[in-house]
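J.: Mind having a look at this structure? Questions to follow.
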Amino acid sequence: MIDFANGKFSPKALDFIENSTARLCILHGSVRSSKTVNCTVRWLIYIASGPPGDLVIMGKDRGSIWRNVLNDMLEIVGKKSYKWVDRMRGELTIFDRRVWVIGASTVEAEERLRGATFAGAYCDEANTYPELVWNQLLARLSVKGAQVFANCNPDTPYHWFYCGPLTSKEITNRQIWHFTMDDNPNLDPEYKSNLIAEFKGSPVFYRRFVLGEWIVAEGSIYQVFSDNEDDYYNVQWNKESRKLEFLDPKTGSIKEKRIAHINIGVDWGQNNSAHAFVATALTENYEDLVALRSRRHKATGTTPNDVLEWFIDFADGITADFGRVRAVYCDSAEQILINMLRQNTNYSIRNALKYPIVDRIRATVALMGQRRFHMLDDTLDLQGFFRAARYKENSHTDERLDDGSYDQDTGDAFEYTFERYMRYLIDGRDADVVHN
């Protein structure tokens, strides 16, 4: 929660709160730079003093709106100043004004906006919306004097939000503020140093999330791994105690940790690629992610029975060596093979969520930077993936190169094992690392 009783506002924050008068007011820049806090304060002032009419709060999804915006906003105004009219529909009143809450990361949000008339909008993580949704929102802001207060973290300079709302010369009724962590006087210095360290191993994420720059992703993706590879092999499995032993390189001491649960990721091979299996373990309280084992088998000339045999050998081996497998997450593109595993094994076989690759990359790099990602020796295929993975050259989006020149299959299988837990691994400690 925001500590408004003891918190401070930087000169830049006060300038935004006091002087944001344009139709379109945008805050962009580094993580933890107070963009969302400042937007929240300015929005509450606008609710109380802006032109009459319905208002809307938008974000990546309803969950992120709760975490980033509503939890603090409703605590500030107090229970007597807001009332939920219909939580399912996202309708509430704040200071007796009707406010709609809309998750905007999919094109379906555009349909919810059609026909509406708004007197103002608060857009959290604005560059995560489809451009169609943003354009529909602007068309709905037809009340005289209506304003938009938007915040976002940087992305590629080819992103529609950068090319349009942020830099287009056709937009004149606009004010822009660029924030860095230095503009947040409430940030603990030690926390700030740790956060910066997390991103230093990734030039792309460092420049975006620490310096607040809109840059193209290029070069090695997991530079932090390549530069400090020995740091990730500081763990061993003790068969007798059934615990993971972590070596502290500074003190030489050993710390034992229990495995909370184990997951397996499966990526199906096609043509010249391979079927990949990766097992990872999460320690208690989601403190660490440990890669236990990786295997890959060429897909060319193989049968479904071959795949079944390979999977059973891998999964049973993990069970015997480390303990029960909680779930197996498979690439959903091959439902026939998935059904075969369900019918012929007792494992919990599920479809992988397949979150955007860039979100999976950010989570992995953050864990590597925090030294909360570790690998046992029997992960040669996964190690090779981290060394070789690169961004696609001249791409307008953060595309990972997938031309068969390296083992992309193992990388996907690895990410399937933990993508469902990214919120707990990353968001629970720092929501900005992945989302805001």
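FYI, it's all coordinate maths here, none of it is from the lab. Keep in mind that what you see is a predicted model, and the values were worked out from it rather than measured. Ideal geometry is used to build each Cβ from the backbone, glycine not excepted, and the neighbour counts take in all protein chains shown.
J.: List every residue whose amide H lies under 5 Å from the amide H of residue 392, counting only residues 5 or more places away in sequence or on a different chain, with H placed 1.01 Å from N in the peptide plane.
T.: Result for residue 392 returns 399, 400, 401.
J.: OK, next. Using only the alpha-carbon atoms of the range 116-209, report the extent along each of the three principal axes, biggest first, to the nearest angstrom.
T.: Dimensions of the range 116-209 along the principal axes of its Cα atoms: 46, 29, 23 Å.
J.: Could you please state, rounded to a whole Å, how far the C-alpha centre of the range 32-55 is from the C-alpha centre of the range 93-129?
T.: That distance is 14 Å.
J.: Further question on the same structure: For residue 118, what residues show an amide H to amide H distance below 5 Å, using hydrogens built from the backbone and excluding near sequence neighbours?
T.: Residues meeting the amide H criterion: 141, 142, 143.
J.: In nm, to one decimal, how far is the residue 132 label point from the residue 22 one, both placed 7 Å along Cα→Cβ?
T.: For residue 132 paired with residue 22, the spin-label model returns 2.8 nm.
J.: Name the residues whose placed amide hydrogens come within less than 5 Å of the amide hydrogen of residue 330, ignoring near sequence neighbours (fewer than 5 apart) on the same chain.
T.: Amide H neighbours of residue 330: 266, 350, 351, 352.
J.: Label residue 287 and residue 215 with points 7 Å out from Cα along Cα→Cβ: what is the distance between them in nm?
T.: Label-label distance for residue 287 and residue 215, simple model: 3.4 nm.
J.: Any chance you could run the full-extension gain for residue 342 through residue 243? It's 0.36 nm times the residue separation minus the Cα-Cα distance, nm to one decimal.
T.: 32.7 nm
J.: Now for a different question. Kindly state, to the nearest 0.05, the FRET efficiency for residue 319 paired with residue 66, given R0 = 41 Å and r defined as their beta-carbon distance.
T.: E between residue 319 and residue 66, to the nearest 0.05, is 0.65.
J.: Just how large is the dipole of the range 202-327 about the Cα centre, in debye to the nearest 20, putting +1 at every Lys and Arg Cβ and -1 at every Asp and Glu Cβ?
T.: Value, rounded to 20: 260 debye.
J.: Step through the residues of the range 101-118 one at a time and calculate ³J(HN,Hα) from phi using the Karplus curve (6.51 cos²θ - 1.76 cosθ + 1.60, θ = phi - 60°), rounding each to whole Hz and writing x for Gly and Pro.
T.: Working through the residues one at a time gives 10, 10, x, 10, 7, 10, 5, 4, 5, 4, 5, 5, 7, 4, x, 7, 10, 10 Hz.
J.: For the chain, with a Gaussian network of springs between Cα atoms less than 10 Å apart, report the residue from 162, 191, 222 with the top mean-square fluctuation.
T.: So, out of 162, 191, 222, the one fluctuating most is 191.
J.: May I pose another question? Obtain the nm distance between the two label points defined at residue 351 and residue 228 by a simple spin-label model: each point lies 7 Å from its Cα along the Cα-to-C-beta direction.
T.: So the two model labels end up 3.8 nm from each other.
J.: Could I ask something else about it? Rounded to whole Hz and in sequence order, give me ³J(HN,Hα) for the range 200-208 from the Karplus expression 6.51 cos²θ - 1.76 cosθ + 1.60, θ = phi - 60°, writing x for Gly and Pro.
T.: Listing the rounded values in order: 5, x, 10, x, 5, 5, 5, 5, 6 Hz.
J.: Please give the charge dipole size of the chain, origin at the Cα centre, charges +1 on K and R Cβ atoms and -1 on D and E Cβ atoms. Round to the nearest 20 debye.
T.: That gives a dipole near 1540 debye.
J.: Then there is this: In 10 Å bins starting at zero, report the fraction of Cα pairs in the chain per bin as a rounded %.
T.: 4, 20, 27, 23, 16, 8, 1, 0
J.: So, one more: How much mean residue ellipticity at 222 nm does the chain get from its helices, if each DSSP H run of length 4 or more adds -39500 (n - 2.57) and you divide by all residues, to the nearest 500 deg cm²/dmol?
T.: Estimated from H runs of four or more residues: -9000 deg cm²/dmol.
J.: Any idea what the dipole of the range 11-187 comes to, in debye rounded to 20, about its Cα centre with Lys/Arg Cβ at +1 and Asp/Glu Cβ at -1?
T.: 420 debye
J.: Starting at the first residue of the range 311-324, write each ³J(HN,Hα) from the Karplus equation 6.51 cos²θ - 1.76 cosθ + 1.60 with θ = phi - 60°, in whole Hz, x for Gly and Pro.
T.: Listing the rounded values in order: 5, 4, 4, 5, 5, 5, x, 5, 4, 5, 8, 10, x, 4 Hz.
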